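What follows is a set of notes on a single structure, which appears directly below.
The values are calculated or read from the model by the stated rules, or taken from the named source; none is laboratory data. Everything numeric here is computed off the predicted structure, so don't read it as measured data. Glycine gets a Cβ as well: all are built from the backbone with ideal geometry, and neighbour counts include every protein chain shown. Ligands, DNA and RNA are stripped out before the accessible areas are found, and what is left, the full protein with its side chains, is counted by its heavy atoms. Shrake-Rupley method; radii C 1.70, N 1.55, O 1.52, S 1.80 Å.
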Amino acid sequence: MRVDVFTIFPDYLAPLELSLIGKARGTGALDLRATDLRDFTHDVHRTVDDTPYGGGPGMVMRPEPWGQALDTVLTPSSLLLVPSPAGRRFDQAMAHELALEEHLVFACGRYEGIDQRVLSHASGVCRVQEVSLGDYVLFGGEVAVLVVLEAVTRLLPGVLGNADSLLEESHAAGLLEAPMYTKPAEWRGHGVPEILRSGDHAKIARWRRDQALLRTAQQRPDLLKQCYDTLDKRDLATL
Ligand SMILES: Nc1nc2cc(Br)ccc2s1
């Protein structure tokens, strides 16, 4: 997967050199390029913003640098993602959708946002999707890019050593995952559920399913409602 990120703070994306994302870049699973939007300005101050038409507080990002920057990468097969408080709520289902894309382009806004004509113009070239992490406002889109890219990269083939862990993790089957334990068997007076040390894999799988159902019912009843139709009689007996 090819990913282009345009930002006025490319160093913000330095964490993408680390850990599994760094490995994904090394293996070629992820071809990631972060570009400074100011490279597409032509004045001595490298200006990327200006006052808003209609007045109001703050500054708006100018369309010209964005137009020239996006011209260098967008093709009809690209998906332009614009982090925004007004965007589609990012979730695991969207992460799976994005992991199937061949080319993601992120436009990281700052200030009061990007001139709307940039998105309108780009929609004549490729698909454009505003994306939100949640109902709160950040200083810019870079943090959203870090989150989206981590969630998507771990879904790319070959990135996670054990792909099976994708099957059991929270939100994988619409449920939160069961609580996990490791050695020692006794820690500060706290033991480990005996079933997990029984070696009976069928019973362990059932216990984990039950725990996932109960944990989801307690902490995220909204998720349980979404997947209720997929539950079988044994699941319903647990609830
Ligand atoms: N939740 C979010 N807040 C913001 C603010 C700016 Br400025 C740009 C993108 C985003 S995504």
Looking only at strands (runs of 3 or more DSSP E) that lie completely in segment 1-103, which have at least 3 residues being over 17 Å from residue 128 (Cβ atoms)?
31-36
Checking residue 136 against (1) in the same structural domain as residue 61 (by TED's automatic domain parsing); (2) more than 30 Å from residue 7 (Cα to Cα); (3) not polar (S, T, N, Q), which test does it fail?
(2)
Residues of segment 216-236 classified as closer than 21 Å to residue 170 by Cα and without any contact (Cβ under 8 Å) to a residue 40 or more places away in the chain, total:
12
Any pair with Cβ under 6 angstrom, 6 or more apart, that starts in segment 34-61 at a residue that is open to solvent by less than 50 Å² (accessible area, probe 1.4 Å) and ends at one that is in a loop (DSSP other than H, G, I, E, B) and among the hydrophobic types (A, V, I, L, M, F, W, C):
37/8; 37/48; 48/8; 49/59; 61/48
Would you check if residue 91 is more than 16 Å from the ligand (Cβ to nearest atom), of a type outside the set (Lys, Arg) and out of contact with any Cys (no Cβ under 8 Å at 6 or more places or on another chain)?
no
Among (1) more than 9 Å from the ligand (Cβ to nearest atom); (2) assigned to a strand (DSSP E or B) - the single one residue 149 does not satisfy:
(2)
Sort out which residues of segment 126-142 are open to solvent by 60 Å² or more (accessible area, probe 1.4 Å) and either within 7 Å of the ligand (Cβ to nearest atom) or assigned to a loop (DSSP other than H, G, I, E, B) (or both), and write them in order of number.
135, 136, 137, 138, 139
Tell me yes or no: at least one residue of segment 35-43 is under 19 Å from residue 147 (Cα atoms) and within 17 Å of the chain's Cα centre (by Cα).
no
Would you pick out the residues in segment 179-208 that are of a type in the set (D, E, K, R) and open to solvent by 70 Å² or more (accessible area, probe 1.4 Å)?
183, 186, 188, 194, 197, 203, 208
Odd one out for residue 116, checked against (1) of a type outside the set (A, V, I, L, M, F, W, C); (2) in contact (Cβ under 8 Å) with a residue 12 or more places away in the chain; (3) open to solvent by 10 Å² or more (accessible area, probe 1.4 Å); (4) within 27 Å of residue 52 (Cα to Cα)
(2)
Verdict on residue 28 being surrounded by fewer than 14 Cβ atoms within 10 Å (Cβ to Cβ), modelled with pLDDT of 95 or more and on the phi > 0 side of the Ramachandran plot
no
Unmet criterion (only one of (1) over 19 Å from residue 53 (Cβ atoms); (2) small (Gly, Ala, Ser); (3) surrounded by 13 or more Cβ atoms within 10 Å (Cβ to Cβ)) for residue 109:
(1)
Those residues of segment 62-83 which are free of Cβ contacts under 8 Å to residues at least 60 places away in the same chain, crowded, with 21+ Cβ neighbours inside 10 Å and within 16 Å of the ligand (Cβ to nearest atom), in sequence order
65, 80, 82
What are the pairs with Cβ atoms under 9 angstrom where one residue, in segment 183-199, is farther than 18 Å from residue 209 by Cβ and the other, located anywhere, is surrounded by 10 or more Cβ atoms within 10 Å (Cβ to Cβ) and β-branched (Val, Ile, Thr)? Sequence gap at least six, or different chains.
183/192; 184/192; 185/192; 186/192
